[in-house]
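The block underneath contains the structure these notes are about, expressed in C-alpha cells.
The values are calculated or read from the model by the stated rules, or taken from the named source; none is laboratory data. None of the values given here were measured: they were computed from a predicted structure. Here the Cβ is made from the backbone with ideal geometry for all residues, glycine too, and neighbour counts use every protein chain on show. Areas reflect the complete protein model, heavy atoms only, side chains present, ligands, DNA and RNA absent. Shrake-Rupley method; radii C 1.70, N 1.55, O 1.52, S 1.80 Å.
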Amino acid sequence: MNHVTKTQVGDSEIFVLNDGNTTFETNTFTSTSANEIKALLEKAGQSSIKTSFNAFLIRSGNEITLVDSGAGELFGSIAGNLNNALNEIGISRSDITKLIATHMHPDHIGGMIDSNGNRYFDNAELILSIKEHSFWSDTKNFIDHPEQQEHALKVLHAYSDRLILCKSNADLGRGLSSIDLPGHTAGHIGVRVSSNSSQFIIAGDIVHAQHLQFINPNIGVTFDQDYDMAKNSRLKMLNILSSEEIPFSGGHLLSPGVATVRRDRTKYILNVGTP
C-alpha cells in the first residue's frame with residue numbers, strides 16, 4: 001500500500017505520510033444538524049464521514065523535519081503506519097533532526113515515543129508553541145479528565161532536553177515558519193514552507209472532514225477546545241490559502257493529501273492535487 005504523496009516546493013521536498021484512516025460519527029460535528037451533514041455527504045457522493053491521519057516530512061538540503069507523527073500504537077489497527085511510510089521514502093528515524101508538533105492531540109504525537117515512553121526519534125529536537133506547552137503542562141486543565149494529559153506529559157518528558165518552544169508566528173529556520181491557529185487547542189499552529197518563490201502550508205487541524213467543513217466552515221468538531229476561536233482560525237487559514245493560491249495539506253485531508261482551495265462566497269471549493 002502506498003502511504004506517501006510527494007510534492008516539490010522550490011528546493012524542498014514535502015511528503016504527506018498517511019498514518020491511517022477512519023470514519024467519524026455525525027455527533028462528532030457541532031453547530032450543524034444530522035440532516036445537513038447527510039445532505040453534504042450525498043452532494044459529495046459519500047456515504048460516510050471519512051478522514052485520514054497524516055504526518056509530514058520536509059527535506060530541505062541535509063535537514064529532515066517531521067511535522068507531527070501520527071498516532072503510533074494509540075489507535076490500534078486504524079493508524080500507526082508512519083514507519084511504513086518512512087520506509088517507502090528511504091528515511092530512518094535517526095535521519096530526522098527536527099520534530100514539529102502542530103498540537104498535542106494523540107493522533108499527532110502518538111508516534112513520537114515508544115510503548116515504554118522512550119524518545120522514538122533519538123536525534124531530533126521537538127518544537128511546539130509556548131501556548132501549547134503551557135496548556136498541556138498544567139494539571140489544572142485536566143482535573144476532570146487526567147487521562148487526557150498522560151500521553152502529552154510522556155512526550156514532553158521524553159524530549160525535555162531537546163525541547164524548543166516557539167513564540168507567535170515564529171521563524172523555525174530553513175524556510176519554515178509557524179502560523180498561529182488557536183482554538184482547536186490553545187496553541188495549535190500550522191507550518192508554512194517557503195523555498196525560492198514557492199510556498200506550501202501544512203494547515204494542522206483546521207479541517208477534520210473535507211466533505212463537510214470546506215463547504216460549511218462553520219461546522220466544528222467536539223475535539224475543538226474553543227469552537228468560536230477554532231472557527232475563526234479555520235476561516236483565517238482558508239482565506240490565506242484561497243487568496244494567495246497556496247497549495248496545502250492538513251492533518252486529516254484525504255489521500256492524496258495535497259490540494260488548493262478557492263473561495264465561493266461563504267463556502268470553499270477544494271481542488272485536489274497541486275496546481
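Brief remarks on what is shown
- The range 215-234 - residue that is among the hydrophobic types (A, V, I, L, M, F, W, C) and more than 16 Å from the chain's Cα centre (by Cα) and, of those, surrounded by the fewest Cβ atoms within 10 Å (Cβ to Cβ): Met229
- Single unsatisfied condition, Ser137 versus (1) surrounded by fewer than 21 Cβ atoms within 10 Å (Cβ to Cβ); (2) out of contact with any strand residue (DSSP E or B) (no Cβ under 6 Å at 6 or more places or on another chain); (3) within 16 Å of Thr102 (Cβ to Cβ): (3)
- Of all residues in the range 64-114, those that are within 13 Å of the chain's Cα centre (by Cα) and of a type in the set (A, V, I, L, M, F, W, C) total 8.
- Members of the range 36-93 that are of a type outside the set (Val, Ile, Thr), in a helix (DSSP H, G or I) and closer than 30 Å to Asn216 by Cβ: Glu36, Lys38, Ala39, Leu40, Leu41, Glu42, Lys43
- Residue that is least open to solvent (accessible area, probe 1.4 Å) [pool: residues in the range 1-42 that are under 21 Å from Pro256 (Cα atoms) and modelled with pLDDT under 95]: His3
- Matching residues in the range 112-157 - criterion: being among the small types (Gly, Ala, Ser) and over 27 Å from Asp224 (Cβ atoms): Ser115, Gly117, Ala124
- Flag for Glu150 being part of a helix (DSSP H, G or I), without any contact (Cβ under 8 Å) to a residue 12 or more places away in the chain and not polar (S, T, N, Q): yes
- Considering the range 104-128, the residues that are open to solvent by less than 60 Å² (accessible area, probe 1.4 Å) and part of a loop (DSSP other than H, G, I, E, B) include one that is nearest to Asp161 (Cα to Cα), namely Ala124.
- Taken as a whole, the condition of being in contact with a Phe, Trp or Tyr (Cβ under 7 Å, 6 or more places away or on another chain) and within 26 Å of Asp171 (Cβ to Cβ) does not apply to Ile37.
- Matching residues, the range 142-172, being farther than 17 Å from Ile130 by Cα and either open to solvent by 20 Å² or more (accessible area, probe 1.4 Å) or touching a strand residue (DSSP E or B) at 6+ places or on another chain (Cβ under 6 Å) (or both): Ile143, Asp144, His145, Pro146, Glu147, Gln148, Glu150, His151, Lys154, Ala158
Residues checked against (1) of a type in the set (Ser, Thr, Tyr); (2) more than 26 Å from Glu125 (Cα to Cα); (3) assigned to a loop (DSSP other than H, G, I, E, B):
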| position | (1), (2), (3) |
| --- | --- |
| His157 | no, no, no |
| Ser178 | yes, no, no |
| His184 | no, no, yes |
| Val191 | no, no, no |
| His208 | no, yes, yes |
| Ala230 | no, yes, no |
